[in-house]
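Comments concern the structure below.
All of the numbers you see were taken from the coordinates with simple rules; none came from a lab. Only a predicted model underlies this, so the values are computations on that prediction, with no experimental measurement involved. Positions of Cβ are generated from backbone atoms using ideal geometry, with glycine treated the same way; all protein chains shown enter the neighbour counts.
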Amino acid sequence: MNGPLLKVENLTKHYPLGAGIFKKSIPVIRAVEDVSFSVEAGEMLCIVGESGCGKSTVARLLMRLVEPTAGRVLIDGTDIAGLKKDALHAWRRRMQMVFQDPYSSLNPRLTAGQIITEPVENFERLSRKQRQALAADLLRKVGMSPEMMHRLPSELSGGQRQRLGIARALSLNPSLIIADEAVSALDVSVQAQILNLLLDLQQQMGIAFVFISHDLGVVEHIAHRVAVMYLGRIVELAPSEALFAKPVHPYTEALIAAAPVPDPTRVRLEAPVDGEVPSPINPPSGCAFHPRCPLAVDRCRIDVPPLVPMSDGRVVACHVRAPATSISAGECLGHDSFGGLGKQSTY
Ligand SMILES: Nc1ncnc2c1ncn2[C@@H]1O[C@H](COP(=O)(O)OP(=O)(O)O)[C@@H](O)[C@H]1O
Ligand code: SF4
Ligand SMILES: [Mg+2]
């Protein structure tokens, strides 16, 4: 199959605020604005940004848990919005999600074995023997003993519960896992174990990941490419090494500069730059980062900067650091050749 596994085109999600009976136009929360990226088979794409910048909304849009206001999500070139029942079922097998809080996403009344074999049993009937063999296999894959299949979630540690959530996601042999803050609720040492498990799965089973985190240190540890979001938009998308060695967007630069050097795994992005994160209901004009940006010029208050491709395979939206030249962002968005791992990549 040529082309990326997942391709997201101009994805936008506005949540209406109230009914707006007396108003001509209903105010909206601009959760996601014109987001485009792709994910190659086996790739680890990380999405990073402060709380409220739209990361989870992107995840929900990818899983079709919410409908987009505009834009498309394509799997192997097929728009998921147009899928009918059978095709939708087949697609759901290929894309699975791992959540931040494994406890609330696991049924407390089911045993570990029942939880992880449930997705398969939604598709086919398993005998008791088959179910036990599958549960044992999945538990081994996530580094747990098969004996654990008889335990309830309440009898497991936080790390074990997250392993269970991953085992459940693996049960249908997905091509892509969306992990939304999947390690954020865990202690640092457990975080590292889960990250290593995800890396093993990506490397050994060739599973692609959209790994969402507000923690830059975590992202640096695992990403092939990183998309930095600010107020609903991607402001920089770059190969991980290039991004951390030389951030181009002033926001990315501020995030990385805020990283404590001795322990880069503990970077928190809650308030990495001066000033408040503006409201997504009434975002600043032009570049939404301009009220906080030390480099802002007049144009920044007027025009939204387009994502401009740079020579090293990254795209950046900044009038000052990445001025639009002969290659326009529009041309870039329409570009069909999405570079893969180690290749010259765009989105
Ligand atoms: N169901 C919803 N209804 C209204 N607003 C929402 C809804 N979900 C998210 N939002 C808003 O959209 C913005 C982005 O939220 P979210 O995607 O959860 O961000 P993140 O995951 O980066 O913290 C926030 O302002 C949030 O309040
Ligand atoms: S476009 Fe202007 S305000 Fe936005 S990041 Fe660049 S310099 Fe700063
Ligand atoms: Mg979130």
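Near ILE166, once Lys and Arg are set to +1 and Asp and Glu to -1 for all other residues with Cβ below 12 Å from its Cβ, the sum equals +3. When the range 136-189 is described by a simple charge dipole with +1 on each Lys and Arg Cβ and -1 on each Asp and Glu Cβ, the residue from ALA182, PRO146, LEU164 located farthest towards its positive end is PRO146.
Taking a sphere under 13 Å around the Cβ of ALA90 and counting the other residues whose Cβ falls inside, with K and R at +1 and D and E at -1, yields a net charge of +3.
In the chain, taking the dipole from charged Cβ atoms about the Cα centre, the farthest positive-side position among GLN132, PRO68, ALA245 is held by GLN132. The shape of the chain can be summarised by an equivalent ellipsoid whose semi-axes, obtained from the alpha carbon gyration tensor, come to 35, 22, 20 Å from longest to shortest. Dipole size of the range 181-236 about its Cα centre, with +1 on Lys/Arg Cβ and -1 on Asp/Glu Cβ: approximately 200 debye, rounded to the nearest 20. Tally Lys/Arg at +1 and Asp/Glu at -1 over every other residue whose Cβ is under 14 Å from the Cβ of PHE123; what's the total? With Lys, Arg at +1 and Asp, Glu at -1, the net is +3. Of the residues VAL120, VAL297, VAL219, the one that moves most in a GNM of the chain with alpha-carbon contacts below 10 Å is VAL297.
Gyration tensor analysis over the Cα atoms of the range 1-144 returns equivalent ellipsoid semi-axes of 34, 20, 16 Å (largest first, whole Å). The stretch between SER311 and ALA185, if pulled fully straight at 0.36 nm per residue, gains 41.6 nm over its current Cα-Cα span. Relative contact order of the chain, taken over Cα pairs closer than 8 Å and 6 or more residues apart, is 20 percent. The stretch between ARG94 and ALA242, if pulled fully straight at 0.36 nm per residue, gains 50.3 nm over its current Cα-Cα span. Here the calculated FRET efficiency for VAL66 and GLU276, from their Cβ-Cβ distance with R0 = 22 Å, stands at 0.25, rounded to the nearest 0.05. The long axis of helix 158-170 is offset from the longest Cα principal axis of the chain by roughly 90 degrees. Taking HIS214, HIS150, HIS249 as the candidate residues, the one with maximal mean-square fluctuation in a Gaussian network model of the chain, Cα springs under 10 Å, is HIS150. Against the chain, whose longest principal axis is taken from its Cα atoms, helix 112-121 shows a tilt of about 80°. Estimated from the Cβ-Cβ distance and a Förster radius of 25 angstrom, the FRET efficiency linking ARG151 and GLN203 is about 0.30. Result for the chain in a Gaussian network model with C-alpha springs under 10 Å: among PRO16, PRO284, PRO247, the largest mean-square fluctuation is at PRO16. Starting from the range 85-121, pick out the trypsin sites (Lys or Arg not before Pro) whose DSSP state is loop and whose Cβ has at most 12 other Cβ atoms within 10 Å. Loop-located and lightly packed - ARG109. Here the spin labels are modelled as points 7 Å beyond Cα on the Cα-Cβ line, and at ASP76 and ALA257 they lie 4.6 nm apart. Extension gain for the segment LEU83 to ASN173, taken as residue separation times 0.36 nm less the Cα-Cα distance, is 30.4 nm to one decimal. Within the same chain, aspartates and glutamates fewer than 8 places from LYS129 are excluded, and of the rest, those with a Cα less than 19 Å from its Cα are GLU118, GLU121, ASP137, GLU147.
Within the chain, the longest run free of exposed loop sites, counting GluC sites (Glu not before Pro) that sit outside DSSP helix and strand states (H, G, I, E, B) and have at most 13 other Cβ atoms within 10 Å, spans 125-269. The calculated FRET efficiency for LYS129 paired with ARG301, based on their beta-carbon distance and R0 = 51 Å, is about 0.15. Label-to-label distance for ARG109 and ASN10 is 4.7 nm, based on points extended 7 Å past Cα in the beta-carbon direction.
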